[in-house]
Amino acid sequence: MDNEYSFPDWMLRENIVENLSLNGLLMKTEFFTIKKNMKEFIHEIVSFIPEGSVLIRNSDGLQISWLVRNISYVFLITDQSSVESARLNGILSSIVLNQDKPLETQSTTCPINWLPDDAKLIFSMGDKVGGVNQARIEGYISSLSYSEVRALVERRLKIYGWISLAQYPHRSSLGYSNLFEAFCGNRHVRIDLQKKIFQTRISVMSIEK
């Protein structure tokens with residue numbers, strides 16, 4: 001499992017756990033210590049992560065995710081700084097999305113039809129020109145409750161042949177949120193659910209090779 005990224009020298013790799021498996025997919029987890037504060041880290045890390053990476057900031061820290069070739073990366077950063085010194089802890093999980101299987105084999109059998117039936121599209125951004133690594137970000141709203149949408153998305157991902165890689169529930173002063181990461185065939189998606197009053201907001205980032 002070769003790394004498809006490089007990090008700066010000031011990120012100290014403490015430990016590596018290899019030969020893990022998630023839903024039959026090869027996985028590796030790495031642990032880092034970073035002697036910088038969060039503001040410095042964000043400012044400097046952007047030159048080391050691929051263009052199009054997703055950064056999510058919350059009260060507990062930072063989550064960065066990106067996709068390179070057929071490997072999905074999720075980097076969780078938590079702030080462990082004290083009055084005396086700045087320190088961040090990082091956990092990087094990398095998952096090989098396909099193993100000895102052509103990415104194109106299921107391209108026509110992986111529709112994004114796991115959204116709630118009442119979902120309304122409120123924005124869409126992406127390149128309409130054909131090619132590899134096509135990315136698209138879409139936003140929806142649903143009148144269903146956050147818990148209803150979460151259960152529905154989780155159930156429909158399984159029904160329609162998607163492999164769920166991970167879930168990242170989070171609770172903050174802004175409310176509940178949940179990030180799903182899944183793939184099927186040559187399509188990889190990240191689904192972010194946000195709990196709002198009388199509605200649920202759904203953000204979908206999809207990358208298709």
remark   = Of L144, L179, the only residue that is open to solvent by less than 30 Å² (accessible area, probe 1.4 Å) and either farther than 27 Å from T29 by Cα or modelled with pLDDT under 85 (or both) is L179
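Here are some residues: L193, L165. Which one is open to solvent by less than 20 Å² (accessible area, probe 1.4 Å), within 15 Å of the chain's Cα centre (by Cα) and at pLDDT below 80? If you could, list the steps in order and put the result at the bottom.
Values: L193 fails: at pLDDT below 80.
The unique qualifying residue is L165.
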query = Within the range 184-209, restricting attention to residues that are of a type in the set (V, I, T) and outside any loop (DSSP other than H, G, I, E, B), which residue is farthest from A135 (Cα to Cα)?
reply = T200
note = Exactly one of T109, T105 is assigned to a helix (DSSP H, G or I), at pLDDT below 75 and open to solvent by 60 Å² or more (accessible area, probe 1.4 Å), and that one is T105
query = So which of G126, G130 is among the small types (G, A, S), at pLDDT below 85 and open to solvent by 50 Å² or more (accessible area, probe 1.4 Å)?
reply = G130
request  = Starting from residues that are open to solvent by 50 Å² or more (accessible area, probe 1.4 Å) and modelled with pLDDT under 85, keep the ones in the range 23-37 and report whichever is nearest to S85 (Cα to Cα).
outcome  = L26
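Tell me the residue from F41, F31, F48, F75 that is within 26 Å of N186 (Cα to Cα) and over 17 Å from the mean Cα position of the chain (by Cα), please. It would help to see each step written out before you state the result.
Details: F41 fails: within 26 Å of N186 (Cα to Cα); F31 fails: within 26 Å of N186 (Cα to Cα); F75 fails: over 17 Å from the mean Cα position of the chain (by Cα).
Going through F41, F31, F48, F75 in turn, just one is within 26 Å of N186 (Cα to Cα) and over 17 Å from the mean Cα position of the chain (by Cα): F48.
The values are calculated or read from the model by the stated rules, or taken from the named source; none is laboratory data. On a predicted model such as this, the values are computed, not experimentally measured, just so you know. We work out accessible area using only protein heavy atoms, side chains counted, and drop any ligands, DNA or RNA first. Shrake-Rupley method; radii C 1.70, N 1.55, O 1.52, S 1.80 Å.
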